[in-house]
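Quick note: the coordinates plus some simple rules give every number you see, no bench work behind them. Everything numeric in this text was worked out from a predicted model, so none of it was measured. Cβ: placed from backbone, ideal geometry, glycine included. Neighbour counts: every protein chain shown.
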Amino acid sequence: MVLVAQLPAVCAACHSGRPQPVPDRKGLYRQPPFRELGIGCENCHAPGQLHVQARLKGKPLRGKIDNTIVNPDDLSPWLADNICMSCHEEGDARVLRSGKRYTDFRPGTPLSNTLLVFSPPRESRFCRRRLPWTPTTLLAMKP
Ligand code: HEC
Ligand code: HEC
Ligand code: HEC
């Protein structure tokens, strides 16, 4: 194990490839601390081991799509967006589900299985930050 200058696991989950933080230990990582330094293929395509094995053996595809790996193009738009949202949708609060870690999210699965992202509705956020109106005023203005 190794101490990575107090890099919180939460930052590493968005800013590196495959970090290996020790759960609930600040700045402590397994060796090697990062299986990939930069954000890499598996951050968007999920683990690729099955895919590599199948293709190296020259196995033919079973159906129309290659189901040994996640291609965001074959997902529903929401599940595809969830991949990007896992790092880009900050919201006002991000809350891990009980017993989950940031690194538990797998592309192709709903982000909400791992993590919930909370934001106030758009109107109220707009009002609070930019205008001296309350959300109620804005609702009242709607035709
Ligand atoms: C939810 C994912 C997420 C988390 C958690 C996160 N970041 Fe980021 N961070 C991003 C993204 C995405 C950007 C790029 C934003 C952009 O360019 O619009 C960014 C940008 C940055 C930048 C600016 C990089 C530049 O080129 O200007 C720094 C520095 C940074 N983050 C440090 C941190 C640190 C330190 C932590 C932990 C305390 C952290 N981040 C946590 C997603 C995250
Ligand atoms: C930031 C997310 C992201 C990363 C990182 C990423 N991809 Fe992708 N990849 C996508 C998305 C989204 C698509 C589907 C978009 C499309 O096909 O137009 C895709 C599609 C693909 C496809 C299918 C293209 C096709 O014509 O059907 C291949 C192959 C692929 N990626 C390989 C890789 C490899 C190899 C890496 C690492 C070197 C990588 N990707 C890294 C997001 C990513
Ligand atoms: C593992 C986390 C992660 C995932 C997944 C991810 N991103 Fe990013 N992305 C980042 C970080 C971190 C940065 C900022 C890098 C920096 O500034 O050095 C970034 C940068 C970007 C930028 C450049 C922003 C700028 O201001 O220059 C775009 C565009 C982008 N990502 C789009 C996407 C899309 C689209 C997807 C989904 C297909 C995606 N990202 C998935 C973490 C992620």
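In segment 38-51, the residues that are within 11 Å of ligand 3 (Cβ to nearest atom) form Cβ pairs under 8 Å with partners that are of a type in the set (S, T, N, Q), at six or more places apart or across chains, as follows: Gly38/Ser16; Ile39/Ser16; His45/Asn71.
For segment 23-59, which positions are more than 16 Å from ligand 2 (Cβ to nearest atom), within 20 Å of the chain's Cα centre (by Cα) and not acidic (Asp, Glu)?
Scanning segment 23-59 gives Pro23, Tyr29, Pro33.
Screening segment 81-120 for residues that are under 13 Å from Ala13 (Cα atoms) and of a type in the set (A, V, I, L, M) and picking the one that is farthest from ligand 3 (Cβ to nearest atom) gives Leu96. If you check Gly38, Gly58 for being in a loop (DSSP other than H, G, I, E, B) and within 16 Å of ligand 1 (Cβ to nearest atom), only one passes: Gly38. Answer with yes or no whether Pro33 is touching a residue at least 40 places away in the same chain (Cβ under 8 Å), surrounded by 14 or more Cβ atoms within 10 Å (Cβ to Cβ) and not in a helix (DSSP H, G or I). No.
Would it be correct to say that Gly63 is away from ligand 3 (no atom under 16 Å from the Cβ) and closer than 19 Å to Leu96 by Cα? In short, no.
If you check Gln53, Gln20 for being assigned to a helix (DSSP H, G or I), out of contact with any His (no Cβ under 9 Å at 6 or more places or on another chain) and away from ligand 1 (no atom under 15 Å from the Cβ), only one passes: Gln53.
Of all residues in segment 61-96, those satisfying the criterion of being surrounded by 14 or more Cβ atoms within 10 Å (Cβ to Cβ), assigned to a loop (DSSP other than H, G, I, E, B) and in contact with a helix residue (DSSP H, G or I) (Cβ under 6 Å, 6 or more places away or on another chain) are Thr68, Ile69, Val70.
Within segment 2-17, if we keep just the residues that are in contact (Cβ under 8 Å) with a residue 12 or more places away in the chain and part of a helix (DSSP H, G or I), the residue that is nearest to ligand 1 (Cβ to nearest atom) turns out to be Cys14.
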